[in-house]
Amino acid sequence: MQQRALILACVLSAALAVPAAAQTVDAVVAKLRSTGTLTMGYRETLLPTSYLDENKKPTGYAVEMCQRIIDDVKAELKLPQIKVDYVPVNIQTRQALVANGTVDIECGGTVITFARSKQVDFSPVSYVAASQLLVLKKSGIAAFSDLNGKIVAVATGGSSEPELKHIIEENKLNTRILTVNDHAAGLGAVETRRADAYFNDNAAFFSLIKQSKAPDQLAIVGPEYGYSPQGFMVPKNNPAFLWIVHHSMGQMFKSGEAEKLYNKWFGPFGATVGPKLKAAWETFSYPE
């Protein structure tokens with residue numbers, strides 16, 4: 001405990017010692033100390049990861065995990081309380097809002113990539129998704145090879161669009177891509193038959209099926225494509241805040257609390273913690 005406190009104190013001291021004229025180090029911690037406020041980005045419809053409940057309050061797996069992190073931030077910084085301002089984000093706005101400091105921590109389902117890591121930092125892996133297809137059961141689509149001559153919807157601005165283009169090129173498919181703004185538009189395209197399938201990471205499909213007026217007509221098909229580890233975005237140049245985020249999640253991984261949260265939110269859909277996610281959690285389960 002003493003060693004941990006010393007490390008954090010050193011990081012915080014370094015952050016506070018930077019001249020105001022220079023780029024601010026640990027602006028999130030500085031804001032917390034001066035205002036007691038933290039801004040959390042959340043998704044409005046990404047059930048069960050991050051969404052608005054019937055009372056229009058942000059909730060879900062990622063939101064609850066971030067709330068546990070905020071409890072640890074309050075304890076580590078010895079703050080009497082932290083007021084959380086919730087800001088809705090979407091696929092197009094989430095990264096920019098974190099990069100420019102509008103959002104202190106984005107608690108949705110963002111895939112960790114090297115390209116994104118140039119502009120933002122990431123927490124440890126919170127969830128592992130893979131890309132698949134959402135289709136109508138009677139579409140006859142069961143694999144990527146069945147997409148020849150079909151129209152496939154994909155959300156622009158995410159990692160799924162380049163993945164879909166790679167699949168089309170790799171399999172030499174004559175497939176037309178229909179770009180949509182968000183997951184709801186992807187579901188709408190499939191239900192109205194403007195698209196034969198919606199290609200995205202399968203984590204998004206839980207909420208879409210639940211939102212559908214005819215959920216029994218939908219199916220998730222195709223092989224799991226790729227490895228899409230998700231995490232929480234944090235603005236660059238915030239070492240003390242990022243340390244707390246990493247430490248808090250590491251504690252949840254080691255104690256089994258993360259798996260309890262997963263089972264609470266994904267269990268009702270029949271999902272369990274898979275081997276890739278368990279491996280990611282073990283990787284970040286550092287000793288004190």
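Derivation of every value follows stated rules applied to the coordinates shown; laboratory data play no part. Note that the coordinates shown come from a computational prediction; the quantities given were computed from them, not determined experimentally. Here the Cβ is made from the backbone with ideal geometry for all residues, glycine too, and neighbour counts use every protein chain on show.
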**Message:** Rounding to the nearest 10 and keeping the result within 0 to 90°, find how far the Cα-based axis of helix 61-76 lies from the longest principal axis of the chain.
**Reply:** 10
**Complete:** For THR39, the residues 5 or more places away or on another chain with a placed amide H closer than 5 Å to its own amide H are ASP85, ASP104, ILE105
**Request:** Grab the beta carbon distance between ASN171 and LEU136, set R0 = 25 Å, and tell me the FRET efficiency rounded to 0.05.
**Result:** 0.70
**Message:** Taking the square root of 5 times each eigenvalue of the Cα gyration tensor, what semi-axes in Å does the equivalent ellipsoid of the chain have, largest first?
**Reply:** 37, 19, 17
**Request:** Could you rank the peptides 29-35, 130-136, 103-109, 67-73 by their average count of other C-beta atoms within 10 Å per residue, with the highest value first?
**Result:** 103-109, 130-136, 67-73, 29-35
**Asked** From the phi of every residue in region 92-100, what ³J(HN,Hα) in whole Hz does the Karplus formula 6.51 cos²θ - 1.76 cosθ + 1.60 yield, where θ is phi - 60° and glycine or proline is x?
**Response** 7, 9, 4, 5, 5, 5, 6, 4, 8
**Prompt:** Ordered by residue, what ³J(HN,Hα) values in Hz, to whole numbers, does region 153-166 give under the Karplus form 6.51 cos²θ - 1.76 cosθ + 1.60, where θ = phi - 60° and Gly and Pro are x?
**Reply:** 7, 8, 6, 7, x, x, 7, 6, 4, x, 5, 5, 4, 5
**Request:** Report the extension gain between GLN92 and LYS118 in nm, rounded to one decimal, defined as 0.36 nm multiplied by the number of residues separating them, less their alpha carbon distance.
**Result:** 7.7 nm
**Fill in**
Rounded to whole angstrom, the alpha-carbon centroid of region 51-98 lies from that of region 141-198 at a distance of 31
**Prompt:** When the C-alpha atoms of region 25-80 are aligned to their principal axes, what extent does each axis show, in angstrom, from largest down?
**Reply:** 33, 20, 17
**Fill in**
Of all C-alpha pairs within region 205-244, those more than 13 angstrom apart amount in percent to 71
**Fill in**
If one compares the long axis through the Cα atoms of helix 239-255 with the longest principal axis of the Cα atoms of the chain, the angle in degrees, nearest 10, works out at 70
**Message:** Please list, in order along region 126-142, the HN-Hα scalar couplings obtained from phi with the Karplus expression 6.51 cos²θ - 1.76 cosθ + 1.60 (θ = phi - 60°), rounded to whole Hz, x for Gly and Pro.
**Reply:** 9, 7, 10, 10, 9, 7, 9, 10, 9, 9, 6, 4, 8, 6, x, 8, 10
**Complete:** Of all DSSP beta bridges with both partners in the chain, the antiparallel percent, nearest 5, is 60
**Request:** Across region 102-252, how many lysine pairs, 8 or more positions apart or on different chains, have C-alpha atoms separated by under 17 Å? Please give the number.
**Result:** 8
